[in-house]
Every structure is written in C-alpha cells, then in structure tokens.
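The values are calculated or read from the model by the stated rules, or taken from the named source; none is laboratory data. Note that the structure is predicted; figures quoted are calculated from it, not measured. Here the Cβ positions follow ideal geometry from the backbone for every residue, glycine too, while neighbour counts run over all protein chains shown.
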Amino acid sequence: MFDIGFLELVLIATVALLVIGPERLPGAVRTGAVYLRRVKRSFNEIRQEVEQELHNDAVLQELKQTREQVGAEVDKFKQQVDQAGQEVERELNEPVTPTSTPSSDKPETPRE
C-alpha cells in the first residue's frame, strides 16, 4: 500500500525508539496500528462504495438502453397497428360492388 522497503522500516523504528523511548514505544506502536487499521478500513469502505456506485451506474445504463430498445419496438408495433387500421378503414369505406346479378327480386318460397 505504501511501498516501504525494509531499510525504511528500520530507519522509522530507530527514529521512533529515539524520540518516544523504549518504555512508551509498544503503546505507540499499538496506537499506530489501530489508526492504520481504521484508515485501511475507511479506504476499503470508500472503494466498495465507489465500486457499488459504478455498478449501479452500469445497471442504470443497461436499463436505459433496454428501455430505448423496448420503446423502439413499441413504436414499430404501433405503426403496424395504425397501418392495419388504415387498411381496414379503407376497405370498409370502399363501395361494395356485387360480383353477380341476382336472378329475380322475388324471395323464394319454400317447396313442399
């Protein structure tokens, strides 16, 4: 995480031993470790939140694309229905021409 080598750690430990002293050094190391854990945990939580937000954005983008595709399909279907309705209306408005002429205007009487 910090990319610290062995020599840097030895130098930090030596300076800490000289500045803090041998009596308080173990407590200071524990306190430093606690703070380091908290910082690490905070960074991990932030990273997880960012990843979750990115995932949510990806899902929202996917939903938007799907919605656009469905909308396009609905528009196509609507156009097809409108065309079919216009054809039916046109056929209903056409005058009816008889295909054969009736032989007589008198109704047939039942035969016994």
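Residues that are closer than 21 Å to Ala13 by Cα and small (Gly, Ala, Ser) were ranked within segment 24-61; the one that is farthest from the chain's Cα centre (by Cα) is Gly27.
The rows are residues; the columns are (1) within 49 Å of the chain's Cα centre (by Cα); (2) modelled with pLDDT of 90 or more; (3) not in a helix (DSSP H, G or I).
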residue: Ala84; (1), (2), (3): yes, yes, no
residue: Glu89; (1), (2), (3): yes, no, no
residue: Thr101; (1), (2), (3): no, no, yes
residue: Thr109; (1), (2), (3): no, no, yes
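Based on this model, can you work out whether Asp3 counts as within 38 Å of the chain's Cα centre (by Cα) and loosely packed, with under 10 Cβ neighbours inside 10 Å? For Asp3, the condition - within 38 Å of the chain's Cα centre (by Cα) and loosely packed, with under 10 Cβ neighbours inside 10 Å - is met. Restricted to segment 6-54, and to residues there that are surrounded by fewer than 10 Cβ atoms within 10 Å (Cβ to Cβ) and outside any helix (DSSP H, G or I), the residue that is modelled with the lowest pLDDT is Pro22.
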